[in-house]
């Protein structure tokens, strides 16, 4: 393939080549916690110090400091230039980089996808303006009544679709989009005589975003009692509800901080919990979780708590989702809400502490299944008890651990008020009929080794500032301050912070030359819209030392301060620079004063003294965020 390779295609190749799978072709890896470990292929060692992070898709050696994403790994292992390494990985997943591989139809679809993304962005901007303008008063009152602050509404990109028939269409047409484009995006409907009108009218609008935070669909809620209460975008070239999770782009950092993900059903459940301070939450965009959604979650966490509505529909959806999640190797717990409550109404009525208490008591997969079967069973009749016992036997058969199986057998027998021996005999008979020998149940599968009977911690990690504990590769950056390292790590952890500080922070504000290059890469990656994961940043770093710095930062075992501390670190970095400037000024003034003073030197001295006083004033006044 001649000419530059599109960034979107590079990202696709990187995303489709799981780094654990690629590295495993060269290095024997074993899982340790959330990472994979093996002997480093880049230097001789007897104790494994080479780590592969599957969640963020990068590698880092704590011994020699080598690090990067899957493309960098192939480049280093095969001694290949970037394009050749990319070609190897493209071939591995069936992507052809030659020009003939891109058919006219594929080019048309790519162009259509780009247009749909632009169209949805324009639509969201229109909806947001409506919500915070004069026409959005009723919608803002609704949000206030639901306890949603304006700041949260802006954070989630909420908007309002005006009640008229063609206001969005008219606006989008002025932006250069045709009616057919709006129809393809699911934002318009076709009426009689080929006349188009807005799909969403008089509704509070919830944008559904991809991993990069770009809107790809919408959900709209009425503000009165009319039906349907919720109206959602249809599936398009850029949106499939079974492949996406509502606001994953906002929650995935919190997954890592809290150690697990919460999955709810509705948009307002996510927003209500976020407003209460619970931010590791996404919605499933439907009643049943799909395998694709489970695989997405597995990239960011190894434990999921399902908190669907406490009504019958929610219970049925929970039941279907449990096995889907477990099949992807995730530990699963279920938070059962009382009295048909949903997470949003519960947390508004009873507060975060009560929700956290329920969260800490959330049952594991097996316990939830057994409780549900017993709750639904007709235990007052013989036939009902027999049928319930049969379903319980099926669940017990799924348990691989003999000890766990025996404990749940005793528990279920007590709940059913039958003899343990009787239930054990039924289980043995079922196993014999199915050709299962009890003695063979000591096997350990990769999925069931995730024991789902515990109560995972619901407390967030303590956010404190510690000494950087990366390997020698990170510590080898002599002169790299904790302030610079912490600030870069915060920006890597939350791409939204880059937009918040870019007007007051530039690469030149960093003292260390590699840190300056790293900041340039962060800005370039963000500007290109590719900063969706830690792996993407390596594509923008041409310098091996920057690769090493990024990998070391991402692998650091230091607890990060909360994201709100980012501005504090910007200020501290700028204070360091001001002090450096002050020292240089003092040295310059000393040199000038040692020479015979003529008119030109007097002019220089006056200028230096003015700058000196200004710097001193800025330091004493709290080093404001100005360059």
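The values are calculated or read from the model by the stated rules, or taken from the named source; none is laboratory data. Source: prediction; values computed, not measured. Cβ atoms come from the backbone with ideal geometry, glycine included; neighbour counts cover every protein chain shown.
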Inset, instruction - Considering only the stretch 68-131, give the helices (runs of 4 or more DSSP H) lying wholly within it that have at least 2 residues that are assigned by TED's automatic domain parsing to the domain that holds residue 144 and modelled with pLDDT of 95 or more. - result: 104-131
Legend entry - Yes/no for residue 453 being in contact with a strand residue (DSSP E or B) (Cβ under 8 Å, 6 or more places away or on another chain) and modelled with pLDDT under 85: yes
Inset, instruction - Pull up the stretch 147-169, narrow it to residues that are out of contact with any strand residue (DSSP E or B) (no Cβ under 9 Å at 6 or more places or on another chain) and part of a helix (DSSP H, G or I), then point me to the one that is farthest from residue 213 (Cα to Cα). - result: 150
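Please pick out the residue among 391, 352 that is in contact (Cβ under 8 Å) with a residue 12 or more places away in the chain, under 22 Å from residue 283 (Cβ atoms) and surrounded by 14 or more Cβ atoms within 10 Å (Cβ to Cβ).
352 is the lone residue from the list that is in contact (Cβ under 8 Å) with a residue 12 or more places away in the chain, under 22 Å from residue 283 (Cβ atoms) and surrounded by 14 or more Cβ atoms within 10 Å (Cβ to Cβ).
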Inset, instruction - Within the stretch 258-273, work out how many residues are more than 13 Å from the chain's Cα centre (by Cα) and farther than 24 Å from residue 239 by Cα. - result: 2
Inset, instruction - Assess whether residue 206 counts as being in contact with a helix residue (DSSP H, G or I) (Cβ under 6 Å, 6 or more places away or on another chain) and under 30 Å from residue 109 (Cβ atoms). - result: yes
Inset, instruction - Evaluate the stretch 237-252: report whether one residue or more is more than 25 Å from the chain's Cα centre (by Cα), at pLDDT below 90 and surrounded by fewer than 21 Cβ atoms within 10 Å (Cβ to Cβ). - result: no
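Of the residues that sit in the stretch 254-292 and are assigned to a helix (DSSP H, G or I) and modelled with pLDDT under 90, which one is nearest to residue 35 (Cα to Cα)?
Applying the filter and picking the extreme gives 256.
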Legend entry - Residues of the stretch 276-293 that turn out to be in contact with a helix residue (DSSP H, G or I) (Cβ under 6 Å, 6 or more places away or on another chain) and surrounded by 23 or more Cβ atoms within 10 Å (Cβ to Cβ), as a count: 6
Inset, instruction - Mind checking which strands (runs of 3 or more DSSP E) fall wholly inside the stretch 183-225 and carry at least 3 residues that are over 30 Å from the mean Cα position of the chain (by Cα) and either farther than 20 Å from residue 242 by Cβ or in the same structural domain as residue 165 (by TED's automatic domain parsing) (or both)? - result: 188-190, 196-198
Inset, instruction - Could you give me the residue pairs with C-beta distances under 8 Å whose first residue belongs to the stretch 310-330 and is assigned by TED's automatic domain parsing to the domain that holds residue 260 and modelled with pLDDT of 85 or more, whose second residue is surrounded by fewer than 21 Cβ atoms within 10 Å (Cβ to Cβ) and assigned to a helix (DSSP H, G or I) wherever it lies, and which are 6+ apart or on separate chains? - result: 324/291; 330/298
Inset, instruction - State which residue is modelled with the lowest pLDDT when the search covers only the stretch 467-478 and only residues that are in a loop (DSSP other than H, G, I, E, B) and over 24 Å from residue 300 (Cα atoms). - result: 467
Legend entry - Qualifying position, being closer than 30 Å to residue 279 by Cβ and in contact with a strand residue (DSSP E or B) (Cβ under 9 Å, 6 or more places away or on another chain), among 139, 180, 144: 139
Inset, instruction - Report whether or not residue 302 is touching a residue at least 24 places away in the same chain (Cβ under 8 Å), within 25 Å of residue 144 (Cα to Cα), surrounded by fewer than 21 Cβ atoms within 10 Å (Cβ to Cβ) and not assigned by TED's automatic domain parsing to the domain that holds residue 184. - result: no
Legend entry - Selection within the stretch 121-166 - more than 27 Å from the chain's Cα centre (by Cα) and in contact (Cβ under 8 Å) with a residue 40 or more places away in the chain: 138, 139, 142, 161, 162
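Determine which member of the set 553, 578 is assigned to a helix (DSSP H, G or I), at pLDDT 75 or above and not assigned by TED's automatic domain parsing to the domain that holds residue 121.
When all the criteria are applied, what remains is 553.
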